[in-house]
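Student: Quick one: this structure, given as structure tokens, is what I'll be asking you about.
All of the numbers you see were taken from the coordinates with simple rules; none came from a lab. For clarity, every value in this text was computed on a predicted model and none was experimentally measured. Don't worry about glycine lacking a Cβ; one is built from the backbone with ideal geometry, like all the others, and counts go over all protein chains shown.
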């Protein structure tokens, strides 16, 4: 207990070293509990149209491969797979820090973008499937004496390491782990390297570093454990691990390794220092689209929001957003903190957006919903032999869903009469219906798709106005299960070791357009107090995807990324395939400014103030789902001098 209280005391002290949220951006989500919110007001609705490019930094770290998310996973395909640049830089103690898709770390001058140092962890990208580093983390020692590593930059790598760097020099902190790094492969069952990678920034609470990891989707049931682990940030000493298996089951096997196949925590973790909580969003159990062999113990914490004790790693509460998830509707985004007054009572809340386009608002201390949620019956037919289904699923009554919950042939849409007919024929040939219709041998429409709805970039919350801003995808995908003997070679989601593989395909018309009615991406605002939708506007265009003038007829293009909000009432977001960053008015969703980027900005922006100027920064380097080329640009915008 003494160690725990001492840790929290040190955290309170270190928090004073993190500058005001209008000046710095000390964590991926802007704060330990996310929110993507800044109190900066220099850039406002009246002058945002004057923003201009201030500087650009390029790392050279990108692979200009062919965009194809259905590539067979081979060494050759991994070497040619294009990079995704999803990074959000952090700003701490007048230095900007970011990581590249190759896990290199750069420290930049915030006013000019000039390099102060760089660090290369020497990840062999030829052995990695992903190319993703969403952010680095920052820790400040409360006792600032000027010694080395009193400011630490923490990096999670694709080859499963945690590395601590001196914030001033970029040199490894020799007193952390083994000469500056901790090997996360320890304690895991045997696996191929690319099956286990750290893609989101570690969480920091006091002297603790807490991390999960991405575990390869739909590859095999016995993938390495999705364990969440905590380490001493000064020494790298292992402190606790939580493996998401049923509480009545052992967390480790007979060899002492964490039980394989458990759901993982690949997205961003939040920490509540006041309550000593680590709040994690969990994925769904492997293999994603068939759960007949899970026997319940691997499903218990899947697709959930789970609060852990920072002291021990024990579960304080958990809330499951999808029961027995066989749709890959894992919890994709950082649990986001805000205090809300609902029905006259003010409570600390955690807001969780989901791939289903549903938003769960939970009490941060208990996990009990603050807005009503009801269990509703869901489809119980068309499941493959061997599968079992949950009879009900939770549906929040408030906030209102931001995505249509299911699709039938009557929803077919086309630019012309002919391609609308081709969409209707396609939908009539597969299984359609409401959300939670199970995957089938015939093929099932997933709408929302496993990409969302919402994904890792959302949400942003205006803490003053209690307004949530999120970007929502509206693209249907067909998921078809095939018996093992009928599975073609080279599938990206083979589900080896289960009776079925899965074959995926977007549901497109004969002209190549999605068969759902546009807009295919929206920017949405929700009043979190009432749960009401305030406004919805199309996000992006098809400008970079189809020739002029066809893109003029459809609003809302494909998107991946997320928004930020500022106290001045501005929303900044890129996230579109038309390669623009835009500013919107939080009061009505009106577009106030946009600037063209070198390629799509599939990341979450950030903002900070430095030497009297406010900057807005975005990483523009593409994404493996984007039709635009990969790149390596970090761009900063500011008002003219």
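Student: Counting every Cα pair in the chain, what percent are over 37 Å apart?
Tutor: In whole percent, the share of Cα-Cα pairs in the chain beyond 37 Å is 29.
Student: Also, quick follow-up: Over the chain, what relative contact order in percent results from Cα pairs under 8 Å that are six or more residues apart?
Tutor: 15
Student: In µm²/s, what is D for region 513-630 at 37 °C and 0.692 mPa s, where D = kT/(6 pi eta Rh) by Stokes-Einstein and Rh is the Kirkwood radius from Cα pairs?
Tutor: 219
Student: I would also like to ask the following. On the first, second and third principal axes, largest extent first, how far apart are the outermost C-alpha atoms of region 238-356 in Å?
Tutor: Over region 238-356, Cα extents along the principal axes are 49, 34, 22 Å.
Student: Express as a percent, rounded to the nearest 5, the fraction of DSSP beta bridges in the chain (both residues included) that run antiparallel.
Tutor: Counting only bridges with both partners in the chain, antiparallel ones make up about 95 percent.
Student: On the Cα set of region 285-326, report Rg and Dmax in Å, please.
Tutor: Final numbers for Rg and Dmax: 11.8, 35 Å.
Student: Another question, then. Could you give the semi-axes, largest first, of the ellipsoid that matches region 166-225, computed as the square roots of 5 times the alpha carbon gyration tensor eigenvalues and rounded to whole Å?
Tutor: 27, 13, 11
Student: Give me the tail of P(r) for region 315-358 as a percent: Cα-Cα pairs with distance above 12 Å. Please list the in-between numbers first.
Tutor: On the way: 661 of 946 pairs.
That fraction is 70 percent.
Student: Would you kindly calculate the translational diffusion coefficient of region 587-641, applying Stokes-Einstein with the Kirkwood radius from alpha carbon pairs, for 37 °C and a viscosity of 0.692 mPa s, and quote it in µm² s⁻¹ without decimals?
Tutor: Once the numbers are plugged in, D ends up at 257 µm²/s.
Student: Based on the Kirkwood radius over alpha-carbon pairs, what is the Stokes-Einstein translational diffusion coefficient of region 295-434 at 20 °C with 1.002 mPa s viscosity, in µm²/s?
Tutor: 122
Student: Additional query: If packing is taken as the mean number of other Cβ atoms within 10 Å per residue, what is the order of 254-267, 88-101, highest first?
Tutor: On the way: 254-267: 20.4, 88-101: 23.9.
The packing order, highest mean first, is 88-101, 254-267.
Student: Restricting everything to alpha-carbon atoms, can you work out Rg to Rh for region 199-293 with a Kirkwood hydrodynamic radius?
Tutor: My calculation puts Rg/Rh at 0.99.
Student: How many Å³ per residue does the convex hull of the Cα positions in region 496-538 occupy?
Tutor: In region 496-538, the Cα convex hull volume per residue is 157 Å³.
Student: Report the Rg/Rh value for region 86-208, based on alpha-carbon coordinates and the Kirkwood definition of Rh.
Tutor: 0.97
Student: Separation between the residue 109 and residue 442 pseudo-spin-labels, each 7 Å from Cα along Cα→Cβ, expressed in nm?
Tutor: Going by the 7 Å Cα→Cβ label model, 6.5 nm.
Student: Where does region 83-140 land on Rg(C-alpha)/(2.2 N^0.38 Å)? Present the calculation step by step, with values, prior to reporting the outcome.
Tutor: Working: Rg = 12.0 Å, N = 58, 2.2 N^0.38 = 10.3 Å.
So the Cα radius of gyration is 1.16 times the expected 2.2 N^0.38 Å.
Student: Sort the following peptides by mean Cβ neighbour count (other Cβ atoms within 10 Å, averaged over residues), highest first: 612-619, 411-418, 306-313, 451-458.
Tutor: With the highest mean Cβ count within 10 Å placed first, the list reads 451-458, 612-619, 306-313, 411-418.
Student: Return the distance in nm (one decimal) between the two label points of a simple spin-label model at residue 410 and residue 532, each offset 7 Å from Cα along Cα→Cβ.
Tutor: Simple spin-label model gives 2.9 nm for this pair.
Student: Roughly how many nanometres apart are two label points built 7 Å out from the Cα toward the Cβ at residue 253 and residue 312?
Tutor: In this crude label model, residue 253 to residue 312 measures out at 2.8 nm.
Student: Can I ask one more? Tell me the Rg and the Dmax, in Å, that the Cα atoms of region 434-495 produce.
Tutor: Every Cα atom of region 434-495 included, Rg and Dmax give 16.9, 57 Å.
Student: So what is the relative contact order of region 429-559, in percent, for Cα pairs below 8 Å that sit 6 or more residues apart? Write down the numbers at each step before the final one.
Tutor: Working: 249 pairs, mean separation 25.9, N = 131.
Answer for region 429-559 is 20 percent.
Student: Just order 178-184, 579-585 by mean Cβ neighbour count inside 10 Å, highest at the front, would you? Display every interim value, and only then the final one.
Tutor: Working: 178-184: 17.6, 579-585: 22.1.
Sorting 178-184, 579-585 by mean packing, highest first, produces 579-585, 178-184.
Student: List the equivalent ellipsoid semi-axes of region 372-503 in whole Å, largest first, each obtained as the square root of 5λ for an eigenvalue λ of the Cα gyration tensor. Don't skip to the end; give the middle numbers.
Tutor: On the way: eigenvalues 167, 84, 54 Å².
Its equivalent ellipsoid spans semi-axes of 29, 20, 16 Å.
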